[in-house]
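A.B. asks: The structure that follows is given in the form of structure tokens.
Since every read-out is calculated from the coordinates, none of them should be taken as a lab result. No experiment lies behind these values; they were computed from the predicted model shown. As a convention, Cβ positions derive from the backbone with ideal geometry for all residues, glycine included, and neighbour counts pool all protein chains shown.
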Amino acid sequence: PALMGEAIIANARVRDEGTRNLVDAAQSAGARRLIAQSIAWVYASGPEPHAETDPLDSGAEGGRGISVGGVIALERRVLEAPMTGIVLRYGHLYGPGTGAETAADPAVHVDAAAYAALLSIERGSQGAFNVAEPNGHITTDKAVHELGWRADFRLAV
């Protein structure tokens, strides 16, 4: 907790500068598609559930404002890249390897999140996709209909 302020700043910087570097590298390599992980809990206040076309909370202040600024920079860089840019707005990850067996809404199991990434590689079109289990905060209709994504997807054990 004592270092959380520094971590928030560093995370936002990685989202901005790191994504810029990834876009440059992808362009240099001749990539035709770029898929980035984002988060689904940075929407501005307003009627729920939020769709991908709803505005992000660009007016947030403090730590949330720094985080949202980093997310906006990441998404803008990916979606404005000279290739097919896809942003997966994941809910809070949980499941094997995440350190959490449950998560607050919006939540998404790590297997279902990975499945969304695979589907994006195979058939994703330009734009953002909310990726989370059914909840009252965000809608995942776009991911379900355009990608064929399922929130209940789990890898066979």
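A.B. asks: With just the Cα atoms defining each centre, how far is region 36-61 from region 73-148? Give it in Å.
C.D. replies: Computed from Cα coordinates, the inter-centre distance equals 14 Å.
A.B. asks: Measure off 7 Å from each Cα along the Cα-to-Cβ vector at Val144 and Glu48, then give the distance between these two points in nanometres to one decimal.
C.D. replies: Each label point is offset 7 Å from its Cα along the Cβ direction, giving 1.7 nm.
A.B. asks: Within a 10 angstrom radius of the beta carbon, how do Leu155, Leu3, Leu79, Leu147 rank from fewest other beta carbons to most? If you can, show how the numbers build up before the last one.
C.D. replies: On the way: Leu155 12, Leu3 8, Leu79 16, Leu147 23.
Exposure proxy ranking, most exposed first: Leu3, Leu155, Leu79, Leu147.
A.B. asks: Grab the beta carbon distance between Asn21 and Ala104, set R0 = 22 Å, and tell me the FRET efficiency rounded to 0.05.
C.D. replies: Numbers: r = 31 Å, r/R0 = 1.42.
Once the sixth-power term is evaluated, E becomes 0.10.
A.B. asks: At 7 Å along Cα-to-Cβ for each site, give me the label-to-label distance between Ala29 and Glu122 in nm.
C.D. replies: Distance between label points: 2.2 nm.
A.B. asks: Another question, then. With +1 on each Lys and Arg Cβ and -1 on each Asp and Glu Cβ, how big is the dipole of the chain about its Cα centre, in debye rounded to the nearest 20?
C.D. replies: Roughly 460 debye, rounded to the nearest 20.
A.B. asks: If you don't mind, another one. How high is the relative contact order of region 69-125? Use alpha-carbon pairs under 8 Å, at least six apart in sequence, and give a whole percent.
C.D. replies: It comes to 28 percent, rounded to a whole number.
A.B. asks: Who wins for biggest fluctuation among Ala113, Ala132, Ala73 in a Gaussian network model of the chain, springs between alpha carbons below 10 Å?
C.D. replies: Answer for the Gaussian network model of the chain: Ala73.
A.B. asks: Run lengths n ≥ 4 of DSSP H only: what is the helix-derived mean residue ellipticity at 222 nm for the chain, with -39500 (n - 2.57) per run over all residues, to the nearest 500?
C.D. replies: Helix-only estimate at 222 nm: -10500 deg cm²/dmol.
A.B. asks: Now a separate question. Roughly how big is region 98-154's charge dipole about its Cα centre, with Cβ charges of +1 (Lys, Arg) and -1 (Asp, Glu), in debye to the nearest 20?
C.D. replies: The dipole of region 98-154 has a size of about 160 debye.
A.B. asks: Still on this structure, please answer the following. Shape call for the chain from the C-alpha gyration tensor, a ≥ b ≥ c root eigenvalues: rounded (a/c under 1.5), prolate (a/b greater than b/c) or oblate?
C.D. replies: rounded
A.B. asks: Pairs of alpha-carbon atoms within less than 8 angstrom and 6+ residues apart define the contacts here; what relative contact order does region 4-147 have, in percent?
C.D. replies: About 26 percent, as a whole number.
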